[in-house]
1. Just to confirm the numbers: residue C:198, label point 7 angstrom along the Cα-Cβ line, distances to the other copies in nm, shortest first?
2. Might you tell me the accessible area per residue for the protein assembly as shown, computed with a 1.4 Å probe and given in Å²?
3. For chain A, find the longest principal axis of its Cα atoms and tell me its angle to the long axis of helix A:199-210, 0 to 90°, nearest 10.
4. In the Gaussian network model of chain C, springs joining C-alpha atoms below 10 Å, which of C:20, C:215, C:303 carries the largest mean-square fluctuation?
5. Summarise the partner chain shielding of D:228-237 as one whole number: the mean count of Cβ atoms from other chains within 10 Å of each residue's Cβ.
6. Report the accessible area of residue D:44, computed with a 1.4 Å probe over the heavy atoms of all protein chains in place, in Å² rounded to the nearest 10.
7. What is the sum of charges, Lys and Arg at +1 and Asp and Glu at -1, for the other residues whose Cβ falls under 13 Å from the Cβ of residue C:196?
8. Filter the trypsin sites (Lys or Arg not before Pro) in the stretch D:117-153 to those in DSSP coil with at most 16 other Cβ atoms within 10 Å of their Cβ, and list the result.
4 protein chains.
Amino acid sequence: MPAVWDAAARASSGKVRPMSYQDLLDEIAREVRPYFGKGAVAGYIPALRRVPVTKFGMSLCTVTGAVYSVGDAEEPFSIQSISKLFTLMLAMSMVGDEIWTRVGKEPSGTPFNSLVQLEHEAGVPRNPFINAGALVVLDCVMTHAKDVKSTIRDYARVLSQNFSIDANPRVLRSERKSGFRNAALAYLLKSHGTIAGNVPRLLDAYCHQCALEMSCLDLSRALLALANRGLSPVMGEAVLTAGQAKRVNSLMLTCGMYDSVGSFAYRVGLPAKSGVGGGIVAVMPGEFTITVWSPELDRSGNSLVGVQALQLFTQMTGISVF
Amino acid sequence: MPAVWDAAARASSGKVRPMSYQDLLDEIAREVRPYFGKGAVAGYIPALRRVPVTKFGMSLCTVTGAVYSVGDAEEPFSIQSISKLFTLMLAMSMVGDEIWTRVGKEPSGTPFNSLVQLEHEAGVPRNPFINAGALVVLDCVMTHAKDVKSTIRDYARVLSQNFSIDANPRVLRSERKSGFRNAALAYLLKSHGTIAGNVPRLLDAYCHQCALEMSCLDLSRALLALANRGLSPVMGEAVLTAGQAKRVNSLMLTCGMYDSVGSFAYRVGLPAKSGVGGGIVAVMPGEFTITVWSPELDRSGNSLVGVQALQLFTQMTGISVF
Amino acid sequence: MPAVWDAAARASSGKVRPMSYQDLLDEIAREVRPYFGKGAVAGYIPALRRVPVTKFGMSLCTVTGAVYSVGDAEEPFSIQSISKLFTLMLAMSMVGDEIWTRVGKEPSGTPFNSLVQLEHEAGVPRNPFINAGALVVLDCVMTHAKDVKSTIRDYARVLSQNFSIDANPRVLRSERKSGFRNAALAYLLKSHGTIAGNVPRLLDAYCHQCALEMSCLDLSRALLALANRGLSPVMGEAVLTAGQAKRVNSLMLTCGMYDSVGSFAYRVGLPAKSGVGGGIVAVMPGEFTITVWSPELDRSGNSLVGVQALQLFTQMTGISVF
Amino acid sequence: MPAVWDAAARASSGKVRPMSYQDLLDEIAREVRPYFGKGAVAGYIPALRRVPVTKFGMSLCTVTGAVYSVGDAEEPFSIQSISKLFTLMLAMSMVGDEIWTRVGKEPSGTPFNSLVQLEHEAGVPRNPFINAGALVVLDCVMTHAKDVKSTIRDYARVLSQNFSIDANPRVLRSERKSGFRNAALAYLLKSHGTIAGNVPRLLDAYCHQCALEMSCLDLSRALLALANRGLSPVMGEAVLTAGQAKRVNSLMLTCGMYDSVGSFAYRVGLPAKSGVGGGIVAVMPGEFTITVWSPELDRSGNSLVGVQALQLFTQMTGISVF
């Protein structure tokens, strides 16, 4: 029974209950029920609207190899912006610090796909998690990979050790049709010379990475290296250096939750990345990764029930980086 | 000999030397020497230019009561924006969550004293650490205190248990003369109705809080409650709730270092707040506070040698929230 | 009977009636009646709300000395932003083209008192008719005049040959109380070094010029030099050079009507300047000046009935610069 | 000998020489010589750089049928943004005032192809002469025309009665390659729903209209209806209503010269539209159109020698709308 937080919890409050991670996930799954129906499924990608809104899954993997799950934790969902994590990790392992000459590392302070910032900052996106930044990072991978779409998919497969991961064809078609704003971003970046590759090919690859489907368990396994100084316990080898893992975690904490970075840092207090498919993956450095999935979104575009579940988790355990 | 990081350090790298905090501070003081002369003292407050640029001090206080210092750690310096921490903590203890109806909690993404954001967001500053936000927080304190200037000064005195803390009259005069931009911010906020009090009085109080002088040791002691779930080991009582302490720490990490939040989160990885007087105070939750002072600033307005010193500290110990 | 437009009018449309200017003003006064009650009196200056909303006056003065009036054409009203014309003309006659090193000549494209533009353009206001630009122009006059308030008032008196013109004390008090936004602008300009003088004194003078009261007849007479290549037929001497008069007219056409410059250029097609007191003065170069007053404003802050009256005038006569 | 300005000129200044339009154009052609070599040919469209920089032509057509030309007035050049006039006139004749529900009528205050404005104003471009607005107008024509490219070309042909007008294939290829910024604008507009048609087809048609080649004489003839209340003396029929012609003239004066609208209104004082090919067409309502061509541009993207030539013209004649 891993109960690492007991000491801290007991010290700070008598109300915190010592319980196993499994009991905790079960309890959270019960407590979030009243929150269903209070958000809205992402409207701009029609195919995402077909997912039942009552889906809920959660999966926690520790660096020591333990796995705890609840609900629909093994059902694949559309990872959407969480894919930006994979592309970033891949680009960092391909070109190292060179990537930071083309994309910034600072919070954006504006909605996630703003063009204003690009205009004022000469085409250098503020960070790799706003859409503009993700396109630049993807362009970097595209320059170094023969087939960028399968390279990213295979990277997700290897990291999670699940070789059935693939893009959902219906979501893919849906993304392609509605991606006008990303096209605007990509052409603006191209006009500034920040993107080297062919824009339609880049947009196609971007749709593909967003349409990848993974389960909570897949994601928790795949990103465990971020909790373990770059070393993947699943693969048994380093996928990033310790410094690179720290970099990704700090970027998630300062830029990973769209326009709710500050609110999430307080309510949850873990580095995390969310996607409009309703997934959120969070990292407790040195300890574990935890992924939650529930399709309904709050106003900032983060899973409403997902944020609630992670908040309960950190409240009940007293665990957070703060 | 506190050597809590040894296990982690050993696990991650053979190069990390186990040493006491005191040895570590002594070592850092030696290693930062080549960095003197590479920054520039804040130009816009004439009185600050009189401080010798080779000043360097560092002070670490643990939640268990240990204190480690090096260099000019006991020499008072102008705390400037670090004072925003005291005003925020005071406002939180006075009005609780009500403060968040008047100021936001998200990173700003633009230079620290931007008016653009205020204009676009109807006079609600993005967070309490940009100047506009700090003015709103101060206005809140001013509404609840008889004499706002002495109330804030006394709060700093009690938290640090140093009753000689006061504002430097020369810096105060210097601030008053050059504060046109803050006057613009304050009147803009007033025009939006975000500020209740008298503007000249508010600006006078703002200059006063910025002109307070404290040493590294004072600051490390005064803010120890942030590392200890709101409980001040110095005063032996709670100055904030555990939730409020977490809130302040998360705000420091996402908004505390001007336009270098992301870069600092990676290089150092601790919640921190800096001031143009060259001070930086950082918090390792559950463990300690650490303050560094060196007057020369980098382009973002943070102490150049100070950031370097904190980076060395986290590199050598492997300690950070990530 | 001046009927200079007859030829043009007949050429373009059989419906245009040849009539004297006096018949025309009388007809317009009848036709605008249904438009009363559709706008709103400026709310932010309480004293202006006391003016009866059914007030309506119009006065046309030709360069050859003829005068035509209707309604409340001789009743003084608060000229507000129309005063920017006097300050500009005064500054041009004092320092010539030097004024254009401190203020621009281009349309602003944003609401009239925007701070965003100042921030992005290093403190140089886009044109003399946005509030920031008017403050810079006033600062220039203040530098060259012993008593800036009486200098501007006396300039309006001499131009109109009406020596009873003065500021309304009640409006003056009202302006002073609510001028927080102008204070923000002035301090921002001061922080950029665009303003040389003392800010509270400048703001006081600005309130004073806005609170001046003049009638339609006063304004039409005072600005007749703009229709006559700089030569005032009233005073019998040049108040501006021909080039300066052309400059002021072109500035009015491109920047004089807040955010409705393009709409007004089409609907009316005359260089004009409006004020939130409900006055609009317009110029037909080579021919006449025409002033209308009616207190209710449209969404852009221009007199709703006033714009309608001027539109009727240009429709009925076929007269406009286009 | 048309010398309509004599009276006015004599009245205002003894220095203005009465001379025929032909003498005037000849004189201007001599006086502008020192200005060659002081500007720069548009760099972003490679094919435009092949035009000899000493080219200079000027052509004036009166509403009564007289034609005056000098220099390379009959040599076709790339009309570029002047084509926006044709598309606008065509759209106005096709859909009337409906066009103003999709594009604004106000000056933009920002560089001509800004995305910021679109972002802040929900995808409605400020006016039809910024690139975003021109794309929306073109989309409107595309909706109503079978073959948009030949429809616009044929419109220019009929208006000027020159049936050899066509797009330059080399310029066309050059535009297509470098049009990333326009692609960004078009996709952003598409994402806002402001554009109905297919984006690549729209961009292709936009390149085509910009690559049309016309001479000074062609342009002066084609746009004569704007000086004649909508009636084309060349075609002998109305191409716009008198109100529409006034609208286009007022839009040219307030929005036609990129970021130099105010400066051009003062220096020249005629409604005008320029293109980066070095052409400027100007209108004196009721009198004439005048077109000048010289390839080198000033910082605002207007023909440097062209602006100088038009300024000389209005200085020497005293003719302007102000």
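The values are calculated or read from the model by the stated rules, or taken from the named source; none is laboratory data. Note that the coordinates shown come from a computational prediction; the quantities given were computed from them, not determined experimentally. Note: ideal-geometry Cβ built from the backbone for every residue, glycine included; neighbour counts use all protein chains shown. SASA here: full protein model, heavy atoms, side chains in, ligands and nucleic acids out. Shrake-Rupley method; radii C 1.70, N 1.55, O 1.52, S 1.80 Å.
1. 1.8, 7.1, 7.1
2. 34
3. The two axes meet at around 10 degrees.
4. Residue with maximal mean-square fluctuation among C:20, C:215, C:303: C:20.
5. Average neighbour count from other chains, rounded to a whole number: 1.
6. Residue D:44 exposes around 120 Å² with every protein chain in place.
7. Taking every other residue near residue C:196 into account, the sum is +1.
8. Working: sites: D:126, D:146, D:149, D:153; in loops: D:126, D:146.
Counting only loop positions with at most 16 other Cβ atoms within 10 Å, the trypsin sites (Lys or Arg not before Pro) in the stretch D:117-153 are D:146.
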